[in-house]
1. Answer yes or no as to whether Val78 is in contact (Cβ under 8 Å) with a residue 12 or more places away in the chain and either within 18 Å of Phe25 (Cα to Cα) or in contact with a strand residue (DSSP E or B) (Cβ under 8 Å, 6 or more places away or on another chain) (or both).
2. State whether the residues of region 54-71 include one that is surrounded by 14 or more Cβ atoms within 10 Å (Cβ to Cβ) and either touching a Leu at 6+ places or on another chain (Cβ under 7 Å) or within 16 Å of Pro35 (Cα to Cα) (or both).
3. Working only within region 155-187, note down all residues that are in a loop (DSSP other than H, G, I, E, B), at pLDDT 70 or above and more than 25 Å from Gly32 (Cβ to Cβ).
4. Would you tally the residues in region 128-154 being crowded, with 19+ Cβ neighbours inside 10 Å, touching a Pro at 6+ places or on another chain (Cβ under 9 Å) and in a strand (DSSP E or B)?
5. Considering only region 28-86, how many residues are assigned to a loop (DSSP other than H, G, I, E, B) and either more than 17 Å from Asp111 (Cβ to Cβ) or not aliphatic (A, V, I, L, M) (or both)?
6. Tell me the residue from Gly97, Gly82 that is over 19 Å from Gly143 (Cα atoms), surrounded by 13 or more Cβ atoms within 10 Å (Cβ to Cβ) and modelled with pLDDT under 95, please.
7. Restricting to region 104-127, name every residue that is in contact with an Asp or Glu (Cβ under 7 Å, 6 or more places away or on another chain) and assigned to a loop (DSSP other than H, G, I, E, B).
8. Hey, does region 47-62 have a residue that's closer than 22 Å to Val164 by Cβ and of a type in the set (Phe, Trp, Tyr)?
Amino acid sequence: MNKIQLLVGAAGLVASASLFAQGTFSANNLSGSRPRVFGVDGTTTLTGANYLYDIVVKNPATGNYEGILRTLSNGTIVPFTGLNFLGGANAGLFSAGVATVPFVAGGASADVRVRAWDITTGATYDAALTRGSVDFTIASLGGAGTPPSAPVSMANFASFSLAVIPEPSTYALAALGLGGLLLFRRK
């Protein structure tokens, strides 16, 4: 094998490995100013089995926020969804280990969304009538280089509160009432 073939093979290996690059970040809000997640009143921190959170990241290829993965302490990789908040003095905080973003390479920036919801109003974030979220950007994900760099922190994460989202039928009823008032006013 000559040097050119060796170089071409090495370049191909590097290019194919970069297709499978994954960015990482530490999925917790325990450091820094410890921004918390609050209930509808804006002062009560979330804790207990009725409140869940997840983290989604914008996929640059689709423009949609998509689910990511997390690595458990035993090395198992699972979807990053439906996790409980910490309790006691750490209410409104979470710590879920390392988040892996399979569609954003290490070293690249990522648009991240943390979502929380009250499961008594809906089993999932999209179904819940009491929910909230916050968007932020991580400038440079961990996982770049060889060996991969350490996961980065969620430095731009900010506190947020849940809000009650009216059902679509509430909007329809309000529109019907407004239409009735306009009709009544014309007569």
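The values are calculated or read from the model by the stated rules, or taken from the named source; none is laboratory data. Keep in mind that this is a model prediction, so the values were computed, not measured. Note that each Cβ is placed from the backbone with ideal geometry, even for glycine, and that neighbours are counted across all protein chains shown.
1. Spelling it out, it is not the case that Val78 is in contact (Cβ under 8 Å) with a residue 12 or more places away in the chain and either within 18 Å of Phe25 (Cα to Cα) or in contact with a strand residue (DSSP E or B) (Cβ under 8 Å, 6 or more places away or on another chain) (or both).
2. yes
3. Across region 155-187, the qualifying residues are Ile165, Pro166.
4. Total meeting the criteria: 1.
5. Selection size over region 28-86: 34.
6. Unique residue meeting the criteria: Gly82.
7. Within region 104-127, Tyr125 is the sole residue that qualifies.
8. yes
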